[in-house]
Amino acid sequence: MNPSLHQFIVDYGLWAVLGGTFLEGESVVVFAGFLAHQHLMHLPYVMLCAFAGSFIADQLLFFLGRRYRDHRFVRRIREKPAFEKALAAVDRYPHGFILSLRFLYGLRTVGPVALGMSRVPPLRFLVLNAIAAAIWAVCFSLVGYAFGQTIETLLGRLHGVETKLAVAVAIGVVIGLAYHLISRRRMRR
């Protein structure tokens, strides 16, 4: 095992989870869940960082939509095709939309901005966003952790941090692609 790479993951892995979930995140969280199974990270901390990054990002995007409707960043988001779908969903099912937002492909950025421009009260969004972020963080962390268990059952205990990372990256890519393809298929319907 490469001690410097191991120490790098221990020192900066949770920061990577926080940053990765702030920007997007399913594959980052699954990857981190796998590394938690391999004892390179602690699963509860992975879940906490995934929650924090996702929650903070959506709160900021909600605030941007609420406060800066005419800013060029918000205007660019409003021009995306998914924005009108997000607004329609917010109007029909505001609570359900907030709770399911993270699980709907293509709405991660436009959804919170649309919610910020809607009539949803900020406190209601904050509470429902926290619930949704917690569910999302736990689910995707556990998927990675479960895949770690499955891989260990199939291949035996993995040795060496490089081997663990290679397997984790492969799993993350496969899960990310599967999630992307399933979500695209759902969006077409």
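Summary of values
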read-out	value
Tally of residues being surrounded by fewer than 22 Cβ atoms within 10 Å (Cβ to Cβ) and in a helix (DSSP H, G or I) across the stretch 91-108	8
Residue check for residue 25: closer than 23 Å to residue 170 by Cβ, at pLDDT below 80, in contact with a helix residue (DSSP H, G or I) (Cβ under 8 Å, 6 or more places away or on another chain) and surrounded by 14 or more Cβ atoms within 10 Å (Cβ to Cβ)	yes
Any pair with Cβ under 9 angstrom, 6 or more apart, that starts in the stretch 70-98 at a residue that is of a type in the set (Lys, Arg) and ends at one that is in a loop (DSSP other than H, G, I, E, B)	75/69; 78/69; 80/106; 80/109; 85/106; 85/107
Residue count, the stretch 1-22 (criterion: modelled with pLDDT of 80 or more and among the β-branched types (Val, Ile, Thr))	2
Any hit, the stretch 109-129, residues being open to solvent by less than 10 Å² (accessible area, probe 1.4 Å), in contact with a helix residue (DSSP H, G or I) (Cβ under 7 Å, 6 or more places away or on another chain) and of a type in the set (Phe, Trp, Tyr)	yes
Which numbered condition residue 148 fails, given (1) within 16 Å of residue 41 (Cβ to Cβ); (2) in a helix (DSSP H, G or I); (3) modelled with pLDDT under 70	(3)
Residue match in the stretch 42-58 (condition: modelled with pLDDT under 90 and either open to solvent by less than 50 Å² (accessible area, probe 1.4 Å) or under 25 Å from residue 100 (Cβ atoms) (or both))	no
Residue within the stretch 67-76 that is buried (at least 22 other Cβ atoms within 10 Å of the Cβ) and modelled with pLDDT of 80 or more present	no
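The values are calculated or read from the model by the stated rules, or taken from the named source; none is laboratory data. Quick caveat: nothing in here was measured; it's all calculated off a predicted structure. Note that each Cβ is placed from the backbone with ideal geometry, even for glycine, and that neighbours are counted across all protein chains shown. What goes into the accessible areas is simple: the full protein's heavy atoms, side chains included, and nothing from ligands, DNA or RNA. Shrake-Rupley method; radii C 1.70, N 1.55, O 1.52, S 1.80 Å.
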